[in-house]
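The values are calculated or read from the model by the stated rules, or taken from the named source; none is laboratory data. Bear in mind that the values here come from a model prediction, so they are computed numbers and not experimental data. Quick reminder, even Gly has a Cβ in these numbers, built from the backbone with ideal geometry, and neighbours come from all protein chains shown.
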Amino acid sequence: MASPARPRSVRIAPGELDTAIVTTRRLLPIPAQSTWNPFHRVAESLANRARQLPTHAHEREEVLTYVTEGFASYQFENGPAASLRRGSGRLLTTPGRATHRISPSEGGAIRWFNLVVGLPIDSTGGPRLQSMDSEAPTIEEDTVLVRSIVGPRAAMASSAGMECEALEFRTAGTTFRRVGPGRRAVFYAMSGRGSVDQKAIEVGEVAFVEGMPGVAVQGDGGFAGIWATAPG
């Protein structure tokens, strides 16, 4: 018997500032939204030499790290640290337990977007680390610059079925982003002013989208954000 279709929903929610370790705007989980499967975490963080994120572990998760400002150093397990610059990313897949760390390099500060989704319960095998460099191309769609981070057009492919892209509005415009049946989506606003399905969204807010074939994302010049979908 087919499961009932989810009600169509686009909900805008503010982030919560967390300064316990590094300065982080958490969109998920927060007290008002503790779970939203398959998304375990949606956040943007800022670190510097004085406040750094320690090595930490993930298990049965897929973890996207995408640098949006500055120069970073990324370390997987006990391996050598790799240099990341703005527009670079890492996708860590952990059927079992694995550790990683991102920290500032060259004495400056870094800002990065962090997205964590759950892996299927039957996922097996060792950890897998994929990378994208800062030279990954952008494509103009509906007058909006689209940069694929994870998915069919990107250098990184998700075991959880996640797809992710960065959107940048050079001028005022509208773009339609597909969600599809059986999938949920999030859109994090990083700069400028815009809307998702005609609902206004401001910097530091997230749109939770479900039960929709797709939504229109509209913005003024300078509006930018991260769009991600996953089965759930």
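Residue check: is Ala154 of a type outside the set (Phe, Trp, Tyr) and touching a residue at least 40 places away in the same chain (Cβ under 8 Å)? Judged against the criteria, Ala154 is not a match.
When the range 83-113 is filtered for residues that are modelled with pLDDT under 95, in a strand (DSSP E or B) and of a type in the set (Gly, Ala, Ser), the ones remaining, listed by number, are Ser83, Ser103. Residues in the range 93-104 that are buried (at least 18 other Cβ atoms within 10 Å of the Cβ), over 12 Å from Thr65 (Cα atoms) and in contact with a strand residue (DSSP E or B) (Cβ under 7 Å, 6 or more places away or on another chain): 3 in all.
To keep it simple, each residue is scored yes or no on (1) surrounded by fewer than 18 Cβ atoms within 10 Å (Cβ to Cβ); (2) in the same structural domain as Arg26 (by TED's automatic domain parsing).
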{"residue": "Asp122", "(1), (2)": "yes, yes"}
{"residue": "Arg128", "(1), (2)": "yes, yes"}
{"residue": "Thr143", "(1), (2)": "yes, no"}
{"residue": "Arg147", "(1), (2)": "no, no"}
{"residue": "Val150", "(1), (2)": "no, no"}
{"residue": "Ala154", "(1), (2)": "no, no"}
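Out of Arg25, Arg11, one residue alone is among the basic types (Lys, Arg), under 17 Å from Ala185 (Cβ atoms) and in a strand (DSSP E or B). It is Arg11. Criterion first (buried (at least 17 other Cβ atoms within 10 Å of the Cβ), more than 14 Å from the chain's Cα centre (by Cα), outside any loop (DSSP other than H, G, I, E, B) and among the hydroxyl-bearing types (Ser, Thr, Tyr)) does Tyr74 satisfy it? The answer is yes for Tyr74.
Within the range 23-34, the presence of at least one residue that is more than 28 Å from Met212 (Cα to Cα) and either among the acidic types (Asp, Glu) or in the same structural domain as Pro127 (by TED's automatic domain parsing) (or both) is confirmed.
Just checking, does the range 85-92 include any residue being more than 21 Å from Asn37 (Cα to Cα), surrounded by 19 or more Cβ atoms within 10 Å (Cβ to Cβ) and touching a Phe, Trp or Tyr at 6+ places or on another chain (Cβ under 6 Å)?
Yes, some residue in the range 85-92 is more than 21 Å from Asn37 (Cα to Cα), surrounded by 19 or more Cβ atoms within 10 Å (Cβ to Cβ) and touching a Phe, Trp or Tyr at 6+ places or on another chain (Cβ under 6 Å).
Has the range 175-190 got at least one residue that is of a type in the set (A, V, I, L, M, F, W, C) and in contact (Cβ under 8 Å) with a residue 60 or more places away in the chain? Yes, there is a match, as at least one residue in the range 175-190 is of a type in the set (A, V, I, L, M, F, W, C) and in contact (Cβ under 8 Å) with a residue 60 or more places away in the chain.
Of all the listed residues (Phe176, Phe208, Phe169), the sole one being buried (at least 21 other Cβ atoms within 10 Å of the Cβ), of a type in the set (Phe, Trp, Tyr) and at pLDDT 95 or above is Phe169. The residues listed here are Ser134, Ser191; of these, the one that is surrounded by fewer than 18 Cβ atoms within 10 Å (Cβ to Cβ), within 30 Å of Thr94 (Cα to Cα) and in contact with a strand residue (DSSP E or B) (Cβ under 9 Å, 6 or more places away or on another chain) is Ser134. Within the range 46-62, restricting attention to residues that are in contact (Cβ under 8 Å) with a residue 60 or more places away in the chain and of a type in the set (A, V, I, L, M), which residue is farthest from Phe113 (Cα to Cα)? Only one residue fits best here, namely Ala47. Here Pro80 fits the description: out of contact with any His (no Cβ under 8 Å at 6 or more places or on another chain), of a type outside the set (Gly, Ala, Ser) and exposed (fewer than 15 other Cβ atoms within 10 Å of the Cβ).
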